[in-house]
Amino acid sequence: MYDIVIIGAGPAGLSAAVNTSFLKLTSVVIDDTQAGGALIQAYPWKKVDYFGFYEVSGKELAEIFVEHARKNGVEIIEGEEALDIKKLDEGFEVITTKNSYKGKTVVLATGIIGTPRHLNVKGEDLEGIYYYLKDPEGYRGKKVLVVGGGDSAVENATALSLNGAEVYVAHRRDEFRAMVKNQERLFKTNAKIFWNTEVKEFVGNKKVEEVILFNNKTGEEFELEVDNVFIFIGSVLKKEFFQRLGIEMEGNFVKVNKDFMTNIPGVFAIGDITPGIKRISKAVYEGEAVAFSIFKFLKNPYWGKND
Ligand SMILES: Cc1cc2nc3c(=O)[nH]c(=O)nc-3n(C[C@H](O)[C@H](O)[C@H](O)COP(=O)(O)OP(=O)(O)OC[C@H]3O[C@@H](n4cnc5c(N)ncnc54)[C@H](O)[C@@H]3O)c2cc1C
């Protein structure tokens, strides 16, 4: 029986594990893919925006987080998806695709990157349409359409362009939502931007060959031949997983109290799945805060009473 079973080895889950190890609580972190979360899965190549870590890529920062956790004796299990959580007389049992783990408490830190938002237009299931950019250098000489206007779209379009792709960006509004510094970098590249433009349909024989776009102000339709398409229009929380567990939601997020506890006593939630900005700093902070909450929950220390 661990003190804590943490589901998700992104910055939130790893921070929770490291910080609970400082408090001498035992934990196991389970991840369905690879430890590192979005940093390793969605932007391993990118120089992250994270205070104090300039010029560090997503992959490098993920490796630092993982090493920090391992050096503090945290057990990390990779390649196992948590499917269910059962309430026991004492604590919980987390059932994964391969095993089950018992914990006095559970921390949900599953992020949202596993479920990218889709456009839901015809042809979106064709090959060559992606929701993550793993290797910006792999598209040199290719004609690529990027859909979206937030930081992911703008940063990925910039990286593709700087690495020799012919880049087009379609955004449904007449201005980007991305941070100004990211916009400025994109505007310096050769990328062509279609403002007020949406995708009507993807066309191709097995693989995407052409995109039918339309201007949502004028109604004008036009076609663009492409080799690849990247859709970056955000991610959505896999609500069913939480609802099935009986966890109360707050809109599209998991509802937590000031101790990051859900409506189920002993089950906590942190990181991108809770309301607020979606940044590494928030995930890391919530990992630290939940460590103290769990210590209070399990040990009932004198200092926890007036917190
Ligand atoms: C393209 C992109 C660029 C970004 N750039 C920045 C940046 O420069 N600076 C910044 O501060 N933020 C950035 N972010 C946001 C930042 O990465 C997230 O806010 C942060 O990773 C959230 O951490 P998390 O631990 O909550 O979730 P995640 O990092 O998403 O980690 C969750 C982990 O849980 C795993 N998981 C999910 N479901 C299960 C399950 N059922 N069982 C087991 N494991 C599961 C996932 O596979 C994943 O590994 C960026 C995000 C994206 C998509």
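All of the numbers you see were taken from the coordinates with simple rules; none came from a lab. None of these values were measured; they are calculated from a predicted model. Virtual Cβ from ideal backbone geometry, glycine too; neighbours counted across all protein chains shown.
Can you give the net charge of the other residues whose Cβ lies under 9 Å from the Cβ of G271, counting K and R as +1 and D and E as -1?
Result for the neighbourhood of G271: 0.
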Response to the item:
With label points set 7 Å from each Cα along the Cα-to-Cβ direction at E225 and R244, the distance between them in nm comes to 4.5
Worksheet entry | Over the chain: helical MRE at 222 nm, DSSP H runs n ≥ 4 each giving -39500 (n - 2.57), nearest 500 | -7500 deg cm²/dmol
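Want the number for E124 to N72: 0.36 nm per residue separation, take away the alpha-carbon distance, what's left?
14.3 nm
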Worksheet item: Share of antiparallel DSSP beta bridges in the chain, in percent to the nearest 5?
Response: 45
Worksheet item: What residues qualify as long-range amide H neighbours of V169, i.e. H under 5 Å apart, gap of 5 or more or another chain, H built at 1.01 Å from N?
Response: V146, K192, I193, F194
Discussion item. Which trypsin sites (Lys or Arg not before Pro) in the stretch 1-108 sit in a loop by DSSP (not H, G, I, E or B) and have at most 11 other Cβ atoms within 10 Å of their own Cβ?
Written reply: K24, K98
Worksheet, complete the sentence: Residues meeting the amide H criterion for E201 (H placed from the backbone, H to H distance under 5 Å, 5 or more places apart or on another chain) are I212
Worksheet, complete the sentence: Filtering GluC sites (Glu not before Pro) in the stretch 163-265 by DSSP loop and by at most 11 other Cβ atoms within 10 Å leaves E175, E220
Discussion item. Can you compute 3J(HN,Hα) from phi for each residue in the stretch 177-182, using the Karplus curve 6.51 cos²θ - 1.76 cosθ + 1.60 with θ = phi - 60°, rounded to whole Hz and x for Gly and Pro?
Written reply: 8, 4, 4, 4, 4, 6
Worksheet item: Using the Karplus equation 6.51 cos²θ - 1.76 cosθ + 1.60 (θ = phi - 60°), what ³J(HN,Hα) coupling, rounded to whole Hz, does each residue of the stretch 216-227 give in order, writing x for Gly and Pro?
Response: 7, 9, 9, x, 5, 9, 8, 10, 10, 6, 9, 9
Response to the item:
In the stretch 118-231 the DSSP beta bridges are antiparallel at a rate, in percent to nearest 5, of 45
Practice prompt. Count charges around E78 for me, please; just the other residues with Cβ under 13 Å from its Cβ, Lys/Arg as +1, Asp/Glu as -1.
Written response: -3
Worksheet item: Where does helix 151-162 land angle-wise versus the long Cα axis of the chain, in degrees 0 to 90, nearest 10?
Response: 50
Worksheet item: How much net charge surrounds F242 when only the other residues with a Cβ under 10 Å from the Cβ of F242 are counted, with Lys and Arg +1 and Asp and Glu -1?
Response: +2
Worksheet entry | Cut-off under 5 Å, modelled amide H: who pairs with I76 long-range | V29
Practice prompt. Could you tell me the distance between the Cα centroids of the stretch 189-237 and the stretch 1-59, to the nearest Å?
Written response: 34
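Calculate the dipole size of the chain relative to its Cα centre from +1 charges on Lys and Arg beta carbons and -1 charges on Asp and Glu beta carbons; express the result in debye to the nearest 20.
The dipole of the chain has a size of about 720 debye.
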Response to the item:
To the nearest 20 debye, the stretch 118-231 has a Cα-centred charge dipole, built from +1 on Lys and Arg Cβ and -1 on Asp and Glu Cβ, of 320
Discussion item. Tell me which trypsin sites (Lys or Arg not before Pro) from the stretch 253-293 have a DSSP coil assignment and no more than 10 other beta carbons within 10 Å of their own.
Written reply: K258
Practice prompt. Pop out the ³J(HN,Hα) list for the stretch 197-208 in order, Karplus 6.51 cos²θ - 1.76 cosθ + 1.60 with θ = phi - 60°, rounded to Hz; leave Gly and Pro as x.
Written response: 10, 10, 8, 8, 6, 9, 10, x, 10, 6, 10, 5
